[in-house]
1. May I ask for the equivalent-ellipsoid semi-axes of the chain, computed as the square root of five times each C-alpha gyration tensor eigenvalue and listed largest first in whole Å?
2. For Arg321 and Gln179 in the same chain, what is the full-extension length gain: residue separation times 0.36 nm, less their Cα-Cα distance, in nm?
3. With +1 on each Lys and Arg Cβ and -1 on each Asp and Glu Cβ, and nothing else charged, work out how big the dipole of the stretch 154-275 is about its Cα centre, in Debye to the nearest 20.
4. May I ask you to rank Ser6, Ser349, Ser258, Ser83 by accessible area, largest first, using a 1.4 Å probe over the protein chains only?
5. Which of the lysines could a cross-linker bridge to Lys251, judged by Cα under 20 Å and excluding same-chain residues fewer than eight apart?
6. Want the number for Gln53 to Thr126: 0.36 nm per residue separation, take away the alpha-carbon distance, what's left?
7. Going toward the positive end of the dipole of the stretch 220-284, with +1 on Lys and Arg Cβ and -1 on Asp and Glu Cβ, which of Ser258, Pro239, Ile283 do you reach last?
8. Which aspartates and glutamates, if any, have their Cα less than 19 Å from the Cα of Lys219, not counting same-chain residues under 8 positions apart?
Amino acid sequence: MNRSASMSAIVVGGSLAGLTTALALTRIGWQVHVLERSGPKPRTGGALQTSFQELARAIGRDHAETVIDAIGGEASGAPTFWSPLREGLRGAVHRDPLATLHHETQVTALQDEGDSASVTCSDGRTWRADAVIGADGHRSIVRESVAPEHPDATYAGYSLWIGLTRQSDIPQAQPARSQFFMRHGGPHLLLSYPRPSDGGDMLIGWAWYDATRNSLFRKEGSIAGSVVQRTLRAENVPPCVLKELAGEARKYWESPFSDAIAESARRREITGIPIAEYVPERIARGRLAIVGNAAHVPTPMTGSGFAASVDDAVALSHALRGSSPATVPDALETYQKARLDKAQALVESGRGFSRSFAIEQ
Ligand SMILES: Cc1cc2nc3c(=O)[nH]c(=O)nc-3n(C[C@H](O)[C@H](O)[C@H](O)COP(=O)(O)OP(=O)(O)OC[C@H]3O[C@@H](n4cnc5c(N)ncnc54)[C@H](O)[C@@H]3O)c2cc1C
């Protein structure tokens, strides 16, 4: 691996897509600074699938081993939780001399200046590089410059409640089995994949698709018009809604899932995520490009958002390999040609579910 970088990138957003992209770029010898607005404290998330082979293709075998170790040695493609996956990627970035992750660094503006690109942060600092890659999620600021005619992901008409409960915290419940669970109940859909933890306790992570609470999410400011603004954090879910969720869970689903949801409600540990969708028309312009949820937002029902982010990172590093400062815009055009159709097809593939599930369109 070339360790003396002559080319540089700023990656905006240090979540799964941003960290994967940074590691894919250091593999081709680029110096990468990842700017992440949040602090280092891990946040919770749903379950995802990945494998050693998938990761190694993007970030190389050494870094893939670091990640697989962090997610508990699962190399087979079995579901893992979001937080250990992010911790594994973060560990790999920390070990990589060409990559630096800067927390509490929010990008507020960016510019393609012809012979370089720059970003300005809320602390007033300006960063300059050969390319700026937006991995800043469904409300991407980089997308506003890449696709100003089509900047917003739109609300899909339903939301997701997510939580994680330990079997040992619900001794009255049926024992959970390490088996994928998916069931409709009225206008609701529950997905869960219980997994054993390091200590042998079962972790019951669950995701509840709910099309009946649009007005709640609007009232709490999570949705404005057709645009998803933000997640409804656990501490902001009103107590009366937690009570309703616990009651509905008992009505629709059996133990241990109903008990797990009731326990998450009791602890005020349920997060509400309004689901957004975005079909891209452009994913690169000049020295700017977007990857991951900044580039394409499929419903989580596709189960492919992370896999697509890995494909973006691979395509981006292939396109930029061997480029010089002058050829970066052409290389990003090549990236766009490689990924745009597939990104569009991915989002479209989930729209059938969204149309049939959503009550409000
Ligand atoms: C509930 C849920 C379930 C999912 N399930 C699956 C699944 O089963 N399988 C699968 O493959 N995919 C799944 N996905 C999708 C998958 O998680 C994402 O596609 C993948 O993690 C890539 O996300 P991302 O890194 O692009 O965006 P995000 O995770 O949204 O990260 C964006 C990052 O950018 C940062 N940021 C934003 N703006 C700025 C700024 N201005 N300056 C600096 N930093 C900024 C944010 O703080 C954040 O850390 C799911 C998604 C959700 C929401």
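1. 36, 23, 17
2. 47.0 nm is the gain from fully extending Arg321 to Gln179.
3. Charge dipole, the stretch 154-275, about its Cα centre: 260 debye, nearest 20.
4. Ser6, Ser349, Ser83, Ser258
5. Hits, sequence-local ones excluded: Lys243.
6. Residue separation times 0.36 nm, minus the Cα-Cα distance, leaves 22.6 nm.
7. So the residue furthest toward the plus end is Pro239.
8. Within reach: Asp210, Glu235, Glu244, Glu360.
The values are calculated or read from the model by the stated rules, or taken from the named source; none is laboratory data. Treat the numbers as computed from the prediction; the structure is a model and nothing was measured. Cβ coordinates were reconstructed from backbone atoms using ideal geometry, including for glycine residues, and neighbour counts include every protein chain displayed. Surface areas here come from the heavy atoms of the whole protein model, side chains and all, with no ligands, DNA or RNA. Shrake-Rupley method; radii C 1.70, N 1.55, O 1.52, S 1.80 Å.
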